[in-house]
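Student: First the structure, then my questions, so here it is.
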Amino acid sequence: MNKLVAGNWKMHGLSADLSEVRAIAEQSRRYPAVDVALCVPAILIERAVRTAPGFAIGAQDVHQAPSGAHTGSVSAQMLRDAGARLTIVGHSERREFQRESDADVKAKAAAALGAGLDVILCVGESLKVRESGRAVETVVAQLDASLPVTVEGEAWLAIAYEPIWAIGTGKVPTNAEIGEMHAAIRARLVERFGPPGQAVRIVYGGSVKASNAAEIFGVADVDGALVGGASLKAADFIPIVAAAAVEGDAPIA
Ligand code: PEP
């Protein structure tokens, strides 16, 4: 399967930054064996889609209801209407600062998939949990409680394993730690969904950059990356896409 490399712009991006969206979209075309996407602030989605027609633009969150009295929120249908193809759900920053529970994340994932939006569902442990030796059981429990009931629709689901202590810190787990976690996530996906669980991509996120991407992509069961800081500029992001392409088709000259 194609590797997935998705950028998470978080709360970054003004009109002036659309030139980076354009550059990333254009340069990504050299790597057709990699699925590349950018998840931008909701207010930038429609302009990003117009700026880069055909390129996958996504959101960073979605509300679980189709419409209603939810001031400040955006539904899956609204995101599709704006041209978004995918959304992140359950990012640790939302789980922490917006107090989103596993049940919220599950409902958001189901609503998005049901509306035809592809989903990147994030899970990951804190440093305290990692140091206690309970990272795998904690993340698998979080995954279990956050997964939608089915993955058999038009839209795809991907899981992002993002250790909270690695996000924006420059710290990265060892290859063995990443491999152990991705294998555990894969096993649980297959247990839950049967053979379709094999097709769910599991991407790694947390301080991925050009200098460490190739090594991370070489770990078994790493099907791509969710990239924060290094996705803001084409010059930082495209080398990560290029690293993901190494196991796929040769880039187009
Ligand atoms: C993220 O927030 O999803 C992320 C992976 O951030 P960074 O790459 O900056 O660590």
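The values are calculated or read from the model by the stated rules, or taken from the named source; none is laboratory data. If you're wondering where the values come from, they're calculated on a predicted model, not measured in any experiment. We place every Cβ from the backbone using ideal geometry, glycine too, and count neighbours over all the protein chains shown. For the accessible areas, the whole protein counts, side chains as well, though only heavy atoms, and no ligand, DNA or RNA atoms are used. Shrake-Rupley method; radii C 1.70, N 1.55, O 1.52, S 1.80 Å.
Student: Residue check: is V49 part of a helix (DSSP H, G or I), more than 23 Å from G168 (Cα to Cα) and among the β-branched types (V, I, T)?
Tutor: yes
Student: Residues of the range 36-88 being open to solvent by 30 Å² or more (accessible area, probe 1.4 Å), aliphatic (A, V, I, L, M) and farther than 24 Å from K106 by Cβ, which ones?
Tutor: I43, V49
Student: Tell me which of these K209 doesn't satisfy, since it passes every other one: (1) away from the ligand (no atom under 11 Å from the Cβ); (2) more than 21 Å from A59 (Cβ to Cβ); (3) of a type in the set (D, E, K, R).
Tutor: (1)
Student: Another question, then. Take the residues in the range 170-184 that are away from the ligand (no atom under 16 Å from the Cβ) and either among the aliphatic types (A, V, I, L, M) or at pLDDT below 95 (or both), then tell me which one is surrounded by the fewest Cβ atoms within 10 Å (Cβ to Cβ).
Tutor: A176
Student: Yes or no: R201 open to solvent by 50 Å² or more (accessible area, probe 1.4 Å), in contact (Cβ under 8 Å) with a residue 24 or more places away in the chain and on the phi < 0 side of the Ramachandran plot?
Tutor: On the way: open to solvent by 50 Å² or more (accessible area, probe 1.4 Å): no; in contact (Cβ under 8 Å) with a residue 24 or more places away in the chain: yes; on the phi < 0 side of the Ramachandran plot: yes.
Against the criterion (open to solvent by 50 Å² or more (accessible area, probe 1.4 Å), in contact (Cβ under 8 Å) with a residue 24 or more places away in the chain and on the phi < 0 side of the Ramachandran plot), R201 does not qualify.
Student: Residue under question is A187, and the condition is that it be out of contact with any Gly (no Cβ under 6 Å at 6 or more places or on another chain) and crowded, with 18+ Cβ neighbours inside 10 Å; does it hold?
Tutor: Here the answer is no, as A187 does not meet what is asked.
Student: Any chance the range 120-128 includes a residue that's part of a loop (DSSP other than H, G, I, E, B), within 16 Å of the ligand (Cβ to nearest atom) and either buried (at least 22 other Cβ atoms within 10 Å of the Cβ) or without any contact (Cβ under 8 Å) to a residue 12 or more places away in the chain (or both)?
Tutor: There is at least one residue in the range 120-128 that is part of a loop (DSSP other than H, G, I, E, B), within 16 Å of the ligand (Cβ to nearest atom) and either buried (at least 22 other Cβ atoms within 10 Å of the Cβ) or without any contact (Cβ under 8 Å) to a residue 12 or more places away in the chain (or both).
Student: Still on this structure: In the range 73-92, how many are within 17 Å of the chain's Cα centre (by Cα) and among the hydrophobic types (A, V, I, L, M, F, W, C)?
Tutor: Qualifying residue count for the region: 6.
Student: Go through (1) among the hydrophobic types (A, V, I, L, M, F, W, C); (2) in contact with a Phe, Trp or Tyr (Cβ under 6 Å, 6 or more places away or on another chain); (3) not in a helix (DSSP H, G or I) for V219 and report which single condition fails.
Tutor: Checking V219 against (1) among the hydrophobic types (A, V, I, L, M, F, W, C); (2) in contact with a Phe, Trp or Tyr (Cβ under 6 Å, 6 or more places away or on another chain); (3) not in a helix (DSSP H, G or I), the one that fails is (2).
Student: Moving to a separate point now. In the range 129-159, how many are without any contact (Cβ under 8 Å) to a residue 12 or more places away in the chain and hydroxyl-bearing (S, T, Y)?
Tutor: Matching residues across the range 129-159 total 1.
Student: Which members of the range 8-49 meet the condition of being within 19 Å of V74 (Cβ to Cβ) and within 16 Å of the ligand (Cβ to nearest atom)?
Tutor: Across the range 8-49, the qualifying residues are N8, W9, K10, M11, H12, G13, A37, L38, C39, V40, P41.
Student: From the residues in the range 143-169 that are in a loop (DSSP other than H, G, I, E, B) and over 24 Å from D35 (Cβ atoms), which one is nearest to the ligand (Cβ to nearest atom)?
Tutor: The selected residue is T169.
For every residue, the table says whether it meets (1) outside any strand (DSSP E or B); (2) without any contact (Cβ under 8 Å) to a residue 40 or more places away in the chain; (3) within 24 Å of S207 (Cβ to Cβ).
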site: V5; (1), (2), (3): no, no, yes
site: R30; (1), (2), (3): yes, no, no
site: P66; (1), (2), (3): yes, no, no
site: G72; (1), (2), (3): yes, yes, no
site: R99; (1), (2), (3): yes, yes, no
site: D104; (1), (2), (3): yes, no, no
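Student: Tell me which residues, restricted to the range 56-103, are of a type in the set (K, R) and within 16 Å of the ligand (Cβ to nearest atom).
Tutor: R94, R95
Student: For the range 217-235, what are the residues that are aliphatic (A, V, I, L, M), open to solvent by 10 Å² or more (accessible area, probe 1.4 Å) and more than 15 Å from the ligand (Cβ to nearest atom)?
Tutor: V219, A220, A235
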